[in-house]
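The values are calculated or read from the model by the stated rules, or taken from the named source; none is laboratory data. Predicted model, so just to flag it, every value in this text is computed and none were measured. Cβ placement follows ideal geometry from the backbone for every residue including glycine, while neighbour counts extend to all protein chains displayed.
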Amino acid sequence: MRAALPAVACVALLLAGCTAPAQPVAPAAQPPAPVVDPDRPDTSFGAVATGPAASADDQATLERPPVLQAGEWRRIEATPIGSSMVEYVRVVAAVQEGKYVMGMPHEGWFKEAVAYHSPAFGDVDPDLSYLTHDERFAPLQFPLTEGLSWDTSFAMMPLTASVHVLDDHTAEITFRSPPSSPSPTDPVMNALMGGGDGEAFKLTYDARQHEVVKFASPVVTYEVKEHGYGFQGWVTVPRGEATPIDDGVVFPAVPVSKSLSVAGGFNRMTLMHFVGGLPGVYRVRTLAPDGTEQLTEAMADSSGLVLKFYEVANPDGDWTLEMLAGGVGGGYAMGIAYHQYDIHLPDGGIRSDHSHKVIR
């Protein structure tokens, strides 16, 4: 993504982290919190059977990366921006070629989780690093010691990580944007994640559970509630993730239309639209290669931000992206394409025709 987002857009989108204008902002200029489109069905996967939770691994330390096993699972409670709490299950579907393959139970597929960038789905390295917006994000660096620091990138946002050790098993890692001046070329996700000088987000790693157990950002907060082994059944995985749609617009009165091409043999895409701001007319429209339309709007008399998700099958081909921002606000479209298939546990069987219909 290489979308332009002037610093004033941070005020318009109510997403902290960018430097605000020097002039005082009247209370009436503060946009309300985002709302999720009401026709989006409830997503609660608490009924997914996982088996018994395991006790903590007291032998694990902060010295080295965890060793995960196929069938290892975690039940997660998450609160995304503009939404109520949801629960879903994350499973280690396989250990292949030195990587962990993370997925969700077939009956508990939650496409939105892919778009939140954390926790990771698809391919994850042994040190638990993974790609976001086609750049590697390193949430941890071993051994985790007090004061350790490293540079990384999250959704194209440069970050510096710093470690505070809480005890022999847990550490808190804070991610901050390096000192800089707001630029018209700042990525949209920079604003979404609270980019700009200062703290962007933080996480807590617990070696006893082999994973990041808490994550808090302006986009999503989550906590691991249960951890166990021996998951049985089909696990849907989104592998080879890429972010070919990643663009935003702020203020232009004339609609913007762009042609995009998606290639890579992908069979699925999670598509996110984010529009709105102060009273005005905002619109994001995508037209998929198969002719299906995804349209998200916030109209003149409805102040606020609207967040919608779509799932598109076979996204390879030519796309049309149209955006309109007729007010103090903007619009943003992000499409994460991947190869979706099922892995059966415990035997490791693969079902390439995963029979997942496009849902919600």
Name the single residue that is modelled with the highest pLDDT among those in segment 168-213 being in a loop (DSSP other than H, G, I, E, B) and in contact with a Gly (Cβ under 9 Å, 6 or more places away or on another chain).
S180
For segment 138-152, which residues satisfy the criterion of being buried (at least 16 other Cβ atoms within 10 Å of the Cβ) and either within 27 Å of D246 (Cα to Cα) or touching a strand residue (DSSP E or B) at 6+ places or on another chain (Cβ under 9 Å) (or both)?
A138, P139, L140, Q141, L144, L148, T152
Is it true that some residue in segment 85-108 is at negative phi, in contact with a Pro (Cβ under 7 Å, 6 or more places away or on another chain) and among the basic types (K, R)?
yes
Of the numbered conditions (1) among the hydrophobic types (A, V, I, L, M, F, W, C); (2) touching a helix residue (DSSP H, G or I) at 6+ places or on another chain (Cβ under 7 Å); (3) part of a loop (DSSP other than H, G, I, E, B), W234 satisfies every one except a single condition; which is it?
(3)
Residue that is farthest from F154 (Cα to Cα), among those in segment 83-111 that are among the charged types (D, E, K, R) and surrounded by fewer than 23 Cβ atoms within 10 Å (Cβ to Cβ):
E107
Within segment 205-216, is there a residue that is surrounded by fewer than 19 Cβ atoms within 10 Å (Cβ to Cβ) and among the β-branched types (V, I, T)?
no
